[in-house]
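Accompanying notes for the structure given below.
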Amino acid sequence: MKVEGRIADIYRVLFEAPPSTKSVMLELWRDTHAEYLTNGLRHLGPGFHVLDANRPWLCYWMVHGLALLDETLDDDLENDIVDFLSRCQDKQGGYGGGPGQLPHLATTYAAVNTLVTIGSERALSSIKRDNLYKFMLQMKDKSGAFRMHNGGEIDVRACYTAISVASLVNILDADLAKGVGNYIASCQTYEGGIAGEPYAEAHGGYTFCGLAAMVLLNEVEKLDLPSLIDWVAFRQGVECGFQGRTNKLVDGCYSFWQGAAIALAQKLMTIVDKQSKPSYSSKLSSVGDACGTSSSGLASEKSSSLDYAKFGFDFVKQSNQTGPLFHNIALQQYILLCTQVLEGGLRDKPGKNRDHYHSCYCLSGLSVSQYCAMTDSDSCPLPQHMLGPYSNLLEPIHPLYNVVLDKYDEAHDFFRENDQTFTVTDS
Amino acid sequence: MESEVAAAQGEGDLLHQFERILHDDPLIDEVGFLHPTQLDSLLADGTNTSQHFWCSDHKLAVSTNVLPDLYRAARLAHSNATLNAPSPSPSDAAAPLIMTHSKALLILCPDLLTAWNSRKRVLSVNCDLKHLKDELQLCALILSYSPKNESTWCHRRWVITKLAQQIQDMSELIDNESVLVKQIAEKSKMNYRAWRHRCWLIPFMKPKQVLNELNRSVKWTELHVADNCCFHYRRSLLLALLDSHGVENGKDSIYLQSDAHLMWKEELRWNEMLIRRYQGRESLWIHRRFLSQWWLQQLINFEETCPSKEEESLADLFLAQEIHLLSDCLSAPGDEFGETRVQAGLAALYTLWISKQDAVVKGKVEERLQQSVGSLKEVLARVSSDKSRLWTQLLHC
């Protein structure tokens, strides 16, 4: 109630303010955020030792945040980051949390996304794709799902990070893709959202991971999309932001996790319509059997010549088949009024401190909500789709990978051209 | 060069002090990282020899200004220890060093998987009960200040799996774990990882323990009706109950009198009581969706095996009750917090949800709705107009 009250106060001030003040209140403070993020890249205080196992994440949160704000980094800084990430790259493939640390799928995801966002030839060619492929195969469990690291647990996030990276650098093939779709489908709960693993509680972060991975695998038909959309839509509350799970408080980072998930659905409406018809066999027809039977996806698992990277590419070029299924303007309102911090950076909610993670994901969520009302992913939003002055407009992202769209296109071309140099050697 | 050596020496001393304290008091159950000024006020009582650490009554405080140096020293020591130890089975000499240094390291940075894995390697060679229980102690310590730390929970599960291979009767261990999670959940509400851990324990439980857990957690749940995690835990327990009663109790099952059926009926009644008492709590409605789904299926199956001569089948009666609940919610007077309005919206959505379970059910629901409050579409338009695009799509059949 306290959080609701605080947010209600903020909104009341907005509604009662004269138009000129309103537009100032709704401004995105681009410069201060850019400063906060750039400073973080150079130097972090001693308290950050707790994130020592997460340094590629810190790079990604800051570099991606800056890219959304359309800020370029100095060449020196870029080179430093590329060098640092190369030192995090394990000799046998994959990236760890820091130099000398065990490779891990999540830090690999962060490192690769950072390098793609930097986008230089040097950055992209620093990724050792053949070792990365071998590392991923090792992380693959016989059930088809992925574990985060050697000796780690299996969950949906590991599946997403693996599939996303593999698709992005064009090493996704039938061997890596086998069985992942079924595992993720088994993690969809009767509530409609997707959990971290089978029989756990539905959760916004995992819902995004599950849905995005399924789209990249072209097996999204295995999910019960109407239930999923229903669950996600109801995570947007009166405060206008998204919550992560039933009855939890609103949190800025879910602007991306839930916002992007439901924005993805806008391109999947033909499947949603098909699944909504009563003749479609009900997925969750028996309690406890969250996997259920499903009609087969479009992907045929025996075809090893399936071009997986194309699914990611084609998806973003597809038009939206419906308008936003969530209140995109309201979400922008929450982000602009409640998550921005005067000194730079963005936060979870009023009363919490800013941090780089929230800065990254609040901005990502803002970008999604600005572009989701347009039919095509890369056309410029009209002023009525945006809250506040037009200068608030961020760069569009590729919602499946969460990298800036231009950078995705460049990387896509790069990894296609360099396919001849990529060979898989038998270990 | 000399100052570097001196600095390294200083860091080494710090690490040594830290590890010494950890070794001398293996029962430490709480760690805090304090600003030097806060630490000074603790040190004022004069019993400590160090100016950076304070330890008393199994509580440890570390001054924040030594953290970077301490961390660096711990990482270096740990790297040296692991480099000199052949993997996967570290030698007897290397093992204690690895354990000491990784413990210090993990208290400072629990995410460091490399350190957790080095402990796993040592324990895989020598996994007697005492060592495994020490691991649980270390995990509990870290969770006391970092209750959401995934790596720690993960390691804890690895330890328990190892213990399960050696201990015959896990019930006491499981009980203790359940209590631990409850304590953590009290301080850190809706902690996904903690509750997930509690659900993970369920397959280790015997049916009697499952029933016990269900009964024991009723009071706690009543005090936390907005906490979806504890309802999810109850659902997992109920599912486990179904599994274990699946094959047995053939006759009881048919007549809806098995333990599971009785439990379910009671749960439905209790859930309705809570819904009426606490307006607008989404987690209660979600729980009801779960309960109704299986219950309706059972009633419909029952109808097929023993068709009743009454005009209304059990399923009809149940649906009548649900519609009655809906109409009560729709007609409740408004309140200053807007909770009755939220309640009405949730009730309408619940009704939409059950009507989509089965074509037969859908027909029955629509029929009764027309008789009392109007069609589903009309009801939704009244109470949930802001999400009209969403439910229009969902109604679209």
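The values are calculated or read from the model by the stated rules, or taken from the named source; none is laboratory data. Since this is a predicted model, take the numbers as computed values, not measurements. No Cβ is skipped: glycine too gets one built from the backbone with ideal geometry, and neighbour counts run over all protein chains shown.
Among the hydroxyl-bearing types (Ser, Thr, Tyr) and within 19 Å of A:Gln236 (Cα to Cα): which single residue out of B:Thr392, B:Thr351 fits that description?
B:Thr392
Mind checking which residues of segment A:395-416 are crowded, with 21+ Cβ neighbours inside 10 Å and in a loop (DSSP other than H, G, I, E, B)?
A:Pro396, A:Pro399, A:Leu400, A:Tyr401, A:Asn402
Can we say B:Lys187 is within 27 Å of B:Gly280 (Cα to Cα) and at pLDDT below 90?
On the way: within 27 Å of B:Gly280 (Cα to Cα): yes; at pLDDT below 90: yes.
In short, yes.
Of everything in segment A:160-177 that's of a type in the set (S, T, N, Q) and part of a helix (DSSP H, G or I), which residue is farthest from A:Tyr95 (Cα to Cα)? It would help to see each step written out before you state the result.
Taking segment A:160-177 first, the residues of a type in the set (S, T, N, Q) are A:161, A:164, A:167, A:170.
Going one step further and asking which of them are part of a helix (DSSP H, G or I), we end up with A:161, A:164, A:167.
Numbers: A:Thr161: 12, A:Ser164: 15, A:Ser167: 17 Å.
Restricting to residues being of a type in the set (S, T, N, Q) and part of a helix (DSSP H, G or I), the top hit is A:Ser167.
Spot the failing condition for A:Arg157; the list is (1) of a type outside the set (A, V, I, L, M, F, W, C); (2) away from chain B (no Cβ under 14 Å); (3) not in a loop (DSSP other than H, G, I, E, B), and only one is missed.
Tallying (1) of a type outside the set (A, V, I, L, M, F, W, C); (2) away from chain B (no Cβ under 14 Å); (3) not in a loop (DSSP other than H, G, I, E, B), A:Arg157 fails exactly one: (2).
For every residue, the table says whether it meets (1) in contact with a strand residue (DSSP E or B) (Cβ under 8 Å, 6 or more places away or on another chain); (2) β-branched (Val, Ile, Thr); (3) over 30 Å from A:Leu387 (Cβ atoms).
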position: A:Leu51; (1), (2), (3): no, no, yes
position: A:Val63; (1), (2), (3): no, yes, no
position: A:Leu68; (1), (2), (3): yes, no, no
position: A:Asp75; (1), (2), (3): no, no, yes
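Out of all the residues in segment B:381-392, is one or more hydrophobic (A, V, I, L, M, F, W, C) and either within 29 Å of the chain's Cα centre (by Cα) or within 11 Å of chain A (Cβ to nearest Cβ) (or both)?
yes
Please find, within segment A:199-233, the residue that is farthest from B:Arg288 (Cα to Cα) out of those that are aromatic (Phe, Trp, Tyr) and surrounded by 22 or more Cβ atoms within 10 Å (Cβ to Cβ).
Among those that are aromatic (Phe, Trp, Tyr) and surrounded by 22 or more Cβ atoms within 10 Å (Cβ to Cβ), it is A:Phe208.
Please find, within segment A:14-24, the residue that is farthest from B:Phe337 (Cα to Cα) out of those that are modelled with pLDDT of 80 or more and surrounded by 13 or more Cβ atoms within 10 Å (Cβ to Cβ).
A:Ala17
Residues to consider are A:Gly345, A:Gly365; find the one that is under 23 Å from A:Leu264 (Cα atoms), in contact with a Ser or Thr (Cβ under 7 Å, 6 or more places away or on another chain) and either among the hydrophobic types (A, V, I, L, M, F, W, C) or in contact (Cβ under 8 Å) with a residue 60 or more places away in the chain (or both).
Working: A:Gly345 fails: under 23 Å from A:Leu264 (Cα atoms).
Matching residue, one of A:Gly345, A:Gly365: A:Gly365.
The conditions are (1) farther than 24 Å from B:Lys120 by Cβ; (2) in contact (Cβ under 8 Å) with a residue 60 or more places away in the chain, and A:Lys134 fails exactly one of them. Which is it?
So A:Lys134 meets the others, but not (1).
Starting from residues that are in contact (Cβ under 8 Å) with a residue 24 or more places away in the chain and under 25 Å from B:Gly363 (Cα atoms), keep the ones in segment B:266-283 and report whichever is surrounded by the fewest Cβ atoms within 10 Å (Cβ to Cβ). Explain how you work it out, then say what you get.
Looking only at segment B:266-283, we keep the residues that are in contact (Cβ under 8 Å) with a residue 24 or more places away in the chain, and these are B:267-268, B:270, B:272, B:274-276, B:278-283.
From what is left, the residues that are under 25 Å from B:Gly363 (Cα atoms) are B:268, B:272.
Values: B:Leu268: 18, B:Glu272: 16.
Per the stated criteria, the residue is B:Glu272.
Which residue, of A:Ala174, A:Ala162, is aliphatic (A, V, I, L, M) and in contact with a strand residue (DSSP E or B) (Cβ under 7 Å, 6 or more places away or on another chain)?
That would be A:Ala162, the only listed residue that is aliphatic (A, V, I, L, M) and in contact with a strand residue (DSSP E or B) (Cβ under 7 Å, 6 or more places away or on another chain).
Taking the conditions exactly as written (within 13 Å of chain B (Cβ to nearest Cβ) and surrounded by 22 or more Cβ atoms within 10 Å (Cβ to Cβ)), does A:Gly196 satisfy them or not?
yes
Hey, among the residues in segment B:253-302 that are of a type in the set (Val, Ile, Thr) and more than 10 Å from every other protein chain (Cβ to nearest Cβ), which one's nearest to A:Gly237 (Cα to Cα)?
Of everything passing the filter in segment B:253-302, B:Ile275 is nearest to A:Gly237 (Cα to Cα).
In segment A:97-129, how many residues are part of a helix (DSSP H, G or I), within 14 Å of chain B (Cβ to nearest Cβ) and either of a type in the set (S, T, N, Q) or surrounded by fewer than 24 Cβ atoms within 10 Å (Cβ to Cβ) (or both)?
Looking only at that region, the number is 3.
Conditions (1) more than 14 Å from chain A (Cβ to nearest Cβ); (2) crowded, with 20+ Cβ neighbours inside 10 Å; (3) not in a helix (DSSP H, G or I), marked per residue:
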position	(1), (2), (3)
B:Gln168	yes, no, yes
B:Glu172	yes, no, no
B:Asp175	yes, no, no
B:Arg196	no, yes, no
B:Leu201	no, yes, no
B:His232	no, yes, no
B:Ala240	no, yes, no
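Of the numbered conditions (1) surrounded by fewer than 21 Cβ atoms within 10 Å (Cβ to Cβ); (2) more than 9 Å from chain B (Cβ to nearest Cβ), A:Gln266 satisfies every one except a single condition; which is it?
Going through the list (1) surrounded by fewer than 21 Cβ atoms within 10 Å (Cβ to Cβ); (2) more than 9 Å from chain B (Cβ to nearest Cβ), A:Gln266 breaks only (1).
Give the residues of segment B:47-80 that are more than 10 Å from chain A (Cβ to nearest Cβ), surrounded by fewer than 21 Cβ atoms within 10 Å (Cβ to Cβ) and under 21 Å from B:Ser118 (Cβ atoms), sorted by residue number.
Hits for segment B:47-80 are B:Leu76, B:Asn80.
If you take the residues of segment B:88-145 that are among the charged types (D, E, K, R) and in a helix (DSSP H, G or I), which of them is farthest from the other protein chains (Cβ to nearest Cβ)? Can you show your working first?
Quick first cut of segment B:88-145, residues among the charged types (D, E, K, R) only: B:92, B:103, B:111, B:119-121, B:128, B:130, B:133-135.
Those still in the list that are in a helix (DSSP H, G or I) too: B:103, B:119-121, B:130, B:133-135.
Values: B:Lys103: 16, B:Arg119: 11, B:Lys120: 6, B:Arg121: 9, B:Lys130: 22, B:Lys133: 20, B:Asp134: 19, B:Glu135: 14 Å.
Among them, the one singled out is B:Lys130.
Restricting to segment A:164-193, what's the tally of residues that are touching a Cys at 6+ places or on another chain (Cβ under 6 Å) and surrounded by fewer than 24 Cβ atoms within 10 Å (Cβ to Cβ)?
Number satisfying all stated conditions: 1.
Specify which of the listed residues (B:Ile107, B:Ile142) is within 18 Å of the chain's Cα centre (by Cα) and either surrounded by 21 or more Cβ atoms within 10 Å (Cβ to Cβ) or of a type outside the set (Lys, Arg) (or both).
Working: B:Ile107 fails: within 18 Å of the chain's Cα centre (by Cα).
Checking each option against the conditions leaves just B:Ile142.
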